[in-house]
Amino acid sequence: MSPTVSYDEGMAQLYRKRPDMAADILNSVLEEGDPQHLSVLLRQLMKAFSLPAPSSGHAISEHEPATLANLLAIVGAIKMRLAVIPAEMPLEEQPQISQVLPASHTPTADPVHG
């Protein structure tokens, strides 16, 4: 029987294996604009990439709001950068993560089963 892991830890493991997925989900959550969803995702990504919260030096908790510093640390950890694009730009014209990721970010293993 496999050991039980929390939902956050399970997602963190998946994001470690699939930084391209982490980037896609981060883009979706940012576009959605829900601060609570962003906070949950940033917490999971901070755990995935072993990043301490810049203000406190420890991992962000469920009750600690995400900050721009958290977001920038995560984006750097997955070897990405933030960009601002016109809100009116049609989705099909926006650059897709798979088009801009270096080959080293292309997953080679099944993200769930390793």
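Since every read-out is calculated from the coordinates, none of them should be taken as a lab result. Just so it is clear, the model here is predicted, and its values are computed rather than measured. Cβ: placed from backbone, ideal geometry, glycine included. Neighbour counts: every protein chain shown.
For Met46, Met89, Met11, what ranking results if the residue with the fewest other Cβ atoms within 10 Å of its Cβ goes first?
Met89, Met11, Met46
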Quick check on the exposure proxy: order Thr4, Thr67 from fewest to most C-beta atoms within 10 angstrom. Thr4, Thr67
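Quick one: net charge around Met11, please, counting Lys, Arg +1 and Asp, Glu -1 for every other residue with C-beta under 12 Å from its C-beta.
Neighbour charge sum, excluding Met11 itself: +3.
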